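Colleague: Here you go, one structure.
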Amino acid sequence: RGGANPGIPFRFDCTTSEAAMASSTPKIDFDQALKIIGCTEEAFEKMAQKEFKVVDKDGSGSIDKKEFAPVVSKIVGTMIELGEKFSKEEKETAVADVMKAVDKDNNGTLDFKEFCDAMKLAILAIEMADIGSKV
């Protein structure tokens, strides 16, 4: 497992937002991931704005751990479908681990920028898992 944050289930260094995957897996950055999925930065921004409104169930303008849990669960599920292995502990701590990685102001919630960072990490993680499954 690579990365400076070994508790993060997405297997890359969230402190730099750069792929730091295991040496046997090709490295990829966010711009490359967007190209792979056929998405522009502008399209990503629009998608993130829509998703933020959906995930922010109480309309508070921020996303708490309870609201974010289903998002992380879907990400982990997608990665498992692509062949990634997660321990029981990794599955149980995934939401807290991702929140900790992207909650820059440490207030326990995600604002829009922090949510975008989480979605970027998710895109990277899923694309890396997909590439890794083909290697």
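Colleague: Can you list the residues, at least 5 places off or on another chain, whose amide H is less than 5 Å from the amide H of Ile28, using H built in the peptide plane?
Modeller: Close amide H contacts, sequence-distant or interchain: Ala19.
Colleague: Obtain the nm distance between the two label points defined at Lys91 and Ser133 by a simple spin-label model: each point lies 7 Å from its Cα along the Cα-to-C-beta direction.
Modeller: It is 1.7 nm.
Colleague: So how much slack lies between Thr40 and Lys65, counting 0.36 nm per residue of separation and subtracting their Cα-Cα distance, in nm?
Modeller: Working: separation 25, 0.36 × 25 = 9.00 nm, distance 2.83 nm.
Residue separation times 0.36 nm, minus the Cα-Cα distance, leaves 6.2 nm.
Colleague: Also: In region 95-135, which residues have a backbone nitrogen under 17 Å from the label point lying 7 Å from Glu81's Cα in the Cα-to-Cβ direction?
Modeller: The answer is 122-134, whose backbone nitrogens lie closer than 17 Å to the label point.
Colleague: For region 28-126, what log10 I(q)/I(0) values come out of the Debye formula at q = 0.21 1/Å, with one point per alpha carbon and no solvent?
Modeller: -1.16
Colleague: Sorted by packing (mean other beta-carbon atoms within 10 Å per residue), highest first, where do 40-53, 107-120, 61-74 land? Display every interim value, and only then the final one.
Modeller: Working: 40-53: 12.7, 107-120: 18.4, 61-74: 16.1.
Per-residue mean Cβ counts within 10 Å order the peptides as 107-120, 61-74, 40-53.
Any read-out appearing in this document is the output of simple, stated calculations on the displayed coordinates, not a laboratory observation. Keep in mind it's a predicted model, so treat the numbers as computed, not measured. Glycine gets a Cβ as well: all are built from the backbone with ideal geometry, and neighbour counts include every protein chain shown.
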